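Notes follow once the structure below has been shown.
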Amino acid sequence: MIKDFFVKKKKYVTVPSQKAKQEVPEGIMKKCPQCKKIMYAKELKKNLYICQSCGYHYPLTAYERVEILFDKGSFEEFDREMISENPLDFSGYLEKLDKDREKTGLNEAVVTGKGKINGYSTVVAVMDSRFRMGSMGSVVGEKIARSIERAMELNLPVIIFTASGGARMQEGMLSLMQMAKTSAVLKQFSDDGGLFITVMTHPTTGGVTASFASLGDYNFAEPGALIGFAGRRVIEQTIREELPEDFQTAEFLLKHGQLDKVIPRDELKETLSTVLSIHTGGGEK
Amino acid sequence: MAPGLDFEKPIEELKEKIRELKSFMEEKDIDLTDELERLQTRLKELEEETYSNMSPWDRVQIARHMDRPTTLDYIPHLFTDFIECHGDRLFGDDPAIVGGIAKFHGHPVTVIGEQRGRDTKENLKRNFGMAHPEGYRKALRLMKQAEKFGRPVITFIDTKGAFPGKAAEERGQGEAIARNLFEMAGLKVPMISVVIGEGASGGALALGVTDKILMLENSWYSVISPEGAAALLWKDSGLAERAAKTMKITGPDLKELNIIDELIPEVLGGAHHNPEEQAKTIDQYLWDAWQDLNPFNPEELVKKRLEKYRKMGKYGVASDFTHQS
């Protein structure tokens, strides 16, 4: 009977299950922030930090990215020793940097270097959002500028993986000027015929979106990555209007013509090496 | 007369006293000339004292004064034959940025500037000087046109920032700004910008990658507005006054940091006290900058511009790495 479909289900108070409440043992198990499924960390790593059940892309540390991207043993890091100073004598800034260095084992929010992807040599910069939210100060700008210049010397392409909350507030105008600096060096690189690819990862916002992240010959992104210029909350407060759920996601940008392609992480290495091969030339004679 | 700002209150009060005294003298026909002179001397001293000891926050207030001259207020004083050109040829025309062709001291020039309103109605039309992508793309179109015809570009920066909105994001606000930085870095003509009011973040920089950056004494230029900085750094936008100081955003601070090239003095109390006089000073500084850039050929200009931005930034070396080299 039709009315059977409308039988009221008994309502229960939802009590979190024992399983959900259980602490996830650090290091061995990982709980997906999207679908809450628990996975073995080893399995997750083998799956390139993509949730097997819902496809959620876990943010990667810079070195995790380097490890899954480059041919084994091919990566050579540039300028690892560079560290930030405190140009505005901003109180607490140096302490915050110290804390993040300790937390991440990184000296700054970007790792640069060169390596091989399926045999194709390239220069790469990988941002790490754990360090000061991946914000761009003088060091991030300088390391990126230097890596582009090195690519120009070595006649190699540049791939930048972006992940950034924007400009580094504590460095004031100097951080705004890093947008101009990186864009200016990219202009020189582009005029020289250099190939520049960006892969925007979660999250790419503010001054990084408004400089090198958007300037690729190819602009790619990982699925679900948050990408935008202004913050969602600022926009909501300004226009007092509900924003679509997928607002500022990679898929939203693709729909609006701002990206070339959204590439799942497990296809990234293949796609990047194909792009590099197309730019290498060759072919039948 | 422009309404006074908070820190100008003592001046306003003294001026009022002088007015009262004058009318009292006329009414009662009593000679109080000595007293009047004393007050007038005191006023002069007070003005000098107040305006030579302005805090960064005082300057921010002047930069935001509703009577402060805007791009379109300066253009007729600085240029002749100005013809405004509209539209980005891609989407629309953004009234938050104006641009066109003109003559400067008789020479062809392209003029582009951010344009806010001076009252609510005009501000609504101009979107408070906060541009959408089509604004930056219009600016870029005009710059490329200037390059084609070999004429210099002068830009005026006056914005609370790029507009944070849904449509702006959909049309690629980040890309539009980034593209301007990229193209301006390689533009083969002399470029000068003048910060005339507020200069917030990427929205300001999108007109600011130039050979010479001039800045009015009471304007500010920053990675973020003082309110935004305070909210982000200390979770309290009420601490904007402190942020204005800490973030080093005023002309004198930025000159010291070598971010800008020239600081343009303002008429006593700020440009709004005498826009015409202010325009004369801007004209002098612009003409000097113009002549400074004159000897360089296009390749030299681009090279010098790249070198200038390439040098921006301060960094060090980790101490545990110093033994390596």
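The values are calculated or read from the model by the stated rules, or taken from the named source; none is laboratory data. Treat the numbers as computed from the prediction; the structure is a model and nothing was measured. Neighbour counts are summed over all protein chains in view; Cβ atoms, including those assigned to glycine, are modelled from backbone coordinates with ideal geometry. Ligands, DNA and RNA are stripped out before the accessible areas are found, and what is left, the full protein with its side chains, is counted by its heavy atoms. Shrake-Rupley method; radii C 1.70, N 1.55, O 1.52, S 1.80 Å.
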| Dividing the convex hull volume of the alpha carbon atoms of segment A:62-177 by its residue count, what do you get in Å³ per residue? | 93
| said: Helix A:93-104 against the longest principal axis of chain A: what's the angle in degrees, Cα atoms only, rounded to the nearest 10? | reply: 70
| request: Could you tell me what percent of the DSSP beta bridges with both partners in the protein assembly as shown are antiparallel, to the nearest 5? | output: 45
| said: If I take all pairs of Cα atoms in the protein assembly as shown, what percentage of them are more than 50 Å from each other? | reply: 18
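Rounded to the nearest 100 Å², what's the accessible area chains B and A bury against each other, both chains counted, probe 1.4 Å?
In total, chains B and A hide about 4600 Å² from solvent.
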| field | Whole-Å distance, taken between Cα centres, linking segment A:55-115 and segment B:17-81 | value | 54
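Dipole magnitude of chain A about its Cα centre, charges +1 at Lys/Arg Cβ and -1 at Asp/Glu Cβ only, in debye to the nearest 20?
Values: 39 positive and 38 negative charges, 343 e Å.
The dipole magnitude comes to about 1640 debye.
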| said: Nearest 10 degrees is fine. How inclined is helix B:298-310 to the longest principal axis of chain B, computing both from alpha carbons? | reply: 70
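For chain B, what is the charge dipole size about the Cα centre, in debye to the nearest 20, if Lys and Arg each add +1 at the Cβ and Asp and Glu each add -1 at the Cβ? Walk me through the intermediate numbers first.
On the way: 44 positive and 55 negative charges, 364 e Å.
About 1740 debye.
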| Separation of the B:Lys188 and A:Glu241 label points, Cα + 7 Å toward Cβ, nm | 4.2
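Within 10 Å, count the other beta carbons around each residue, average over each peptide in B:77-84, B:50-57, and list them highest first.
Details: B:77-84: 14.4, B:50-57: 16.1.
Result, highest mean Cβ count within 10 Å first: B:50-57, B:77-84.
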| said: How tilted is helix A:265-280 with respect to the longest principal axis of chain A? Cα atoms for both, answer in degrees (0 to 90, nearest 10). | reply: 30
| request: Return the lysines within reach of B:Lys17: Cα separation strictly under 20 angstrom, same-chain partners fewer than 8 residues apart disregarded; answer none if there are no such residues. | output: B:Lys9, B:Lys28, B:Lys44
| said: 5 Å is the cut-off here: which amide hydrogens, built 1.01 Å from N in the peptide plane, fall below it relative to B:Ile97, excluding neighbours closer than 5 in sequence? | reply: B:Gln115
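Obtain the radius of gyration and the Kirkwood radius of segment A:60-279 from its C-alpha atoms and give Rg over Rh. Walk me through the numbers before you get to the answer.
Details: Rg = 16.8 Å, Rh = 17.6 Å.
Taking Rh as the inverse mean 1/r over Cα pairs, Rg/Rh reads 0.96.
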| query | For segment B:114-187 and segment B:234-295, what is the separation of their C-alpha centers, rounded to whole Å? | reply | 20
| Phi to ³J(HN,Hα) by Karplus 6.51 cos²θ - 1.76 cosθ + 1.60 over segment A:221-234, Hz, x for Gly, Pro | 8, 8, x, x, 5, 7, 9, x, 8, 8, x, 4, 5, 4
| query | Between B:Pro295, B:Pro108, B:Pro265, which gets the highest mean-square fluctuation from a Gaussian network model of chain B, Cα cutoff 10 Å? | reply | B:Pro295
| task | May I ask you to evaluate 6.51 cos²θ - 1.76 cosθ + 1.60, the Karplus curve with θ = phi - 60°, for each residue of segment A:245-256 and list the ³J(HN,Hα) values in order in whole Hz, giving x for glycine and proline? | result | 4, 8, 3, 6, 8, 4, 5, 4, 5, 4, 4, 8
| request: Scan around A:Phe78 for amide H atoms under 5 Å from its own, H built in the peptide plane at 1.01 Å from N, and keep only partners 5 or more places away or cross-chain. | output: A:Thr112, A:Gly113, A:Lys114
| task | Let me know the mean shielding of B:212-225 by other chains, meaning the per-residue number of their Cβ atoms within 10 Å of its Cβ. | result | 2
| said: Taking each residue in B:242-254, count the Cβ atoms of any other chain within 10 Å of its Cβ, then average. What number comes out? | reply: 2
